[in-house]
There are 2 protein chains.
Amino acid sequence: MSDAAALLAPEELEARLRAIGAERYHSLHPFHRLLHDGKLSRGQVQAWALNRYYYQARIPAKDATLLARLPTPALRREWRRRLVDHDGDGGRPGGVERWLALTDGLGLDRGYVTSLAGLLPATRFAVDAYVDFVRDRSVLEAVASSLTEMFSPAIISERVSGMLRGYPFVDAATLAYFTPRLTQAPQDVAFALDYVKAEARTRAAQESVLAALRFKCDLLWAQLDALHHAYVVPGAPPPGAFRP
Amino acid sequence: MSDAAALLAPEELEARLRAIGAERYHSLHPFHRLLHDGKLSRGQVQAWALNRYYYQARIPAKDATLLARLPTPALRREWRRRLVDHDGDGGRPGGVERWLALTDGLGLDRGYVTSLAGLLPATRFAVDAYVDFVRDRSVLEAVASSLTEMFSPAIISERVSGMLRGYPFVDAATLAYFTPRLTQAPQDVAFALDYVKAEARTRAAQESVLAALRFKCDLLWAQLDALHHAYVVPGAPPPGAFRP
């Protein structure tokens, strides 16, 4: 018990965060294996892009919710960079706009995508839970929940090369969302990881950091479970959802 | 367009509400068919009861959240009855306690059930979305979201007889949760249905009532999708969730 209650060294906290990724990050989900191995139909890839759009579209709300709670100009400036990445600067398109280039490229009607009319309800519940989490939990937990970006460059590289190889209906322009993420994510992580290592000053706080990352992995996983159930296993999407 | 914008007669609003149930209520979900037809293993029934426990446990939070927003003593008394139904009166057990009798009867450890440690994340997201809905939407929409109780007596009758017939590990005492619901639900519905018929005074308000019931059907459906995906189709529960 005294062992369990001892403060972890910062490197040990980081190692435990990485171990959560190795066990729970959605790169391990069967739907991603199918997606990256070129095993999905165009309609199934559309369903993925359509649902993932809602996640992309809510990321600025998530970041603004957290930004509103940060106590210093320096912290807020750091977090504001994420808003620029996702919403653009009026010149270069941001992540939300680039995601719509992906759904365009897949032949989805943009008005239909942004209407959210075909969204799986489970996608909405999981994504909304993320925004609520950064509003309701400690700032430390909110920052920690962003740390899935530690694991995203690997999945993005695999995704881009796998999708280009596997799907004739996908090209580099369609996948342009992902390229800037390869440099943005490590920059985000460098800050957030240093922050949680410095600010989690008790073992309980460190455990809350680990739990926040587990929560975030759970919600990414739940989105793929919902896609897999609606569009891969024999059965049907829930009433009202997109049908390829 | 003028047709679409015309106020519906109260009976027409009720008919449209019932049509939503006929199309989207979770009685139509394949998981319920398996459950009621005795086609699930004990472990699968445990997974259902364990996850549904979280829904039961949050219903008083949902009702208290709505009660806090009701403007008159008469309305609040009406809604308070629901709290008594679910939390008991210190003598007769309420619905939450009766649900734990069900999980006990299925051989689940009560501490494990109430810890929520094995809960599917998707269950948590869907249930939390319900509590948030009654906090964030209009009181009219919040009341309307309770109207799935219009459809519950039929499913409960089918469930109790089907489960008693289909599962040797289930008896009438285990299923005692459901008996009072057969009289409580119609009483709740009588109030809520009259309320939305009287208070939805514009077509837009009536449409919001219909959308609220659709939302509620979606979240019940999403809970069964998650159970079906984790415990019925070949695959596995998400990391960390209950494994029978």
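Data for the structure
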| read-out | value |
| --- | --- |
| Computed magnitude of the charge dipole of the protein assembly as shown (debye, nearest 20; Cβ of K, R +1, Cβ of D, E -1) | 60 |
| Table column - 3J(HN,Hα) (Hz), region A:198-208, Karplus curve with 6.51, -1.76, 1.60, x for Gly and Pro | 7, 8, 7, 9, 10, 5, 4, 5, 5, 5, 5 |
| Candidate lysines for bridging to A:Lys216, where Cα separation is under 20 Å - those fewer than 8 sequence places away on the same chain excluded | A:Lys62, A:Lys197 |
| GNM top mover of A:Leu17, A:Leu220, A:Leu70 - chain A, alpha-carbon springs below 10 Å | A:Leu70 |
| Phi-based couplings in Hz for region A:50-57 (Karplus 6.51, -1.76, 1.60; Gly and Pro marked x) | 4, 6, 5, 4, 5, 4, 4, 5 |
| Residue-wise HN-Hα coupling along region B:209-216, computed from phi with Karplus coefficients 6.51, -1.76, 1.60 (Hz; x: Gly, Pro) | 5, 5, 5, 5, 5, 4, 4, 5 |
| Partner aspartates and glutamates for B:Lys39 [C-alpha distance under 20 Å; skip if fewer than 8 residues away on the same chain] | B:Glu158, B:Asp171, B:Asp225 |
| Residue exposure sequence - A:Arg24, B:Arg110 - by fewest surrounding Cβ within 10 Å | B:Arg110, A:Arg24 |
| Which of B:Val134, A:Val170, A:Val131 has the fewest Cβ neighbours within 10 Å, and the rest in rising order | A:Val131, A:Val170, B:Val134 |
| Neighbour-count ranking [beta-carbon atoms within 10 angstrom, fewest first] of A:Phe178, A:Phe191 | A:Phe191, A:Phe178 |
| Separation of alpha-carbon centers, region B:132-159 and region A:83-112, rounded to whole Å | 37 |
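No value in this document is a laboratory result; all are computed from the given coordinates. Quick caveat: nothing in here was measured; it's all calculated off a predicted structure. Note that we place each Cβ from the backbone using ideal geometry, even for glycine, and neighbour counts take in every protein chain shown.
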